[in-house]
Amino acid sequence: MPDTIPPQPTTPRPTTPRPAPRARWTVSTIRIFLATLSETGNVTHAAAMAGMSRTGAQKLRQRLAGQPFDEAWDRAIAHYNRMIGDPYFAAAEQQARRAQAVQAAQQ
């Protein structure tokens with residue numbers, strides 16, 4: 001009978017934890033961010049609503065300086081500033097959006 005070596009118990013290899021996947025800006029997250037920014041004027045809140053961070057939003061803006069995202073950011077802030085300056089602006093803006101939605105649904 002040949003001498004056999006008994007199998008050695010295997011120890012599991014240590015695994016390194018994978019970092020959580022980083023959130024990425026998409027067309028959808030950008031739309032949510034800009035819409036919320038124009039309604040609230042708050043970058044931190046708008047970024048959170050889009051599932052992103054304030055820092056991430058500011059970095060994206062820096063990277064896209066002078067491009068449509070940067071310009072839309074400025075327009076969103078300008079819209080918010082106009083809205084808070086005129087107490088009737090928000091109601092009129094909402095009524096206009098509803099009318100556009102009804103008109104689009106009829107087409």
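The values are calculated or read from the model by the stated rules, or taken from the named source; none is laboratory data. In this text the structure is predicted, and so the values were computed from the model without any measurement. Cβ coordinates were reconstructed from backbone atoms using ideal geometry, including for glycine residues, and neighbour counts include every protein chain displayed.
ASP3: at pLDDT 90 or above, over 12 Å from the mean Cα position of the chain (by Cα) and either assigned to a loop (DSSP other than H, G, I, E, B) or on the phi < 0 side of the Ramachandran plot (or both), yes or no?
Judged against the criteria, ASP3 is not a match.
If only one of ALA50, ALA65 is modelled with pLDDT under 95, aliphatic (A, V, I, L, M) and either touching a helix residue (DSSP H, G or I) at 6+ places or on another chain (Cβ under 9 Å) or at positive phi (or both), which one is it? First the steps, then the outcome.
Working: ALA65 fails: either touching a helix residue (DSSP H, G or I) at 6+ places or on another chain (Cβ under 9 Å) or at positive phi (or both).
Answer to the selection: ALA50.
For a quick check of your reading: which helices (runs of 4 or more DSSP H) sit entirely within the stretch 36-107 and have at least 3 residues that are under 17 Å from the mean Cα position of the chain (by Cα)? Quick ask: steps written out before the conclusion?
Details: elements: 43-49, 54-63, 68-85, 89-106.
Here the list reads 43-49, 54-63, 68-85.
Output yes when any residue across the stretch 62-69 is over 21 Å from ARG97 (Cα atoms) and either surrounded by 13 or more Cβ atoms within 10 Å (Cβ to Cβ) or touching a residue at least 12 places away in the same chain (Cβ under 8 Å) (or both), and no when none is. So far as the stretch 62-69 goes, yes, one or more of its residues are over 21 Å from ARG97 (Cα atoms) and either surrounded by 13 or more Cβ atoms within 10 Å (Cβ to Cβ) or touching a residue at least 12 places away in the same chain (Cβ under 8 Å) (or both).
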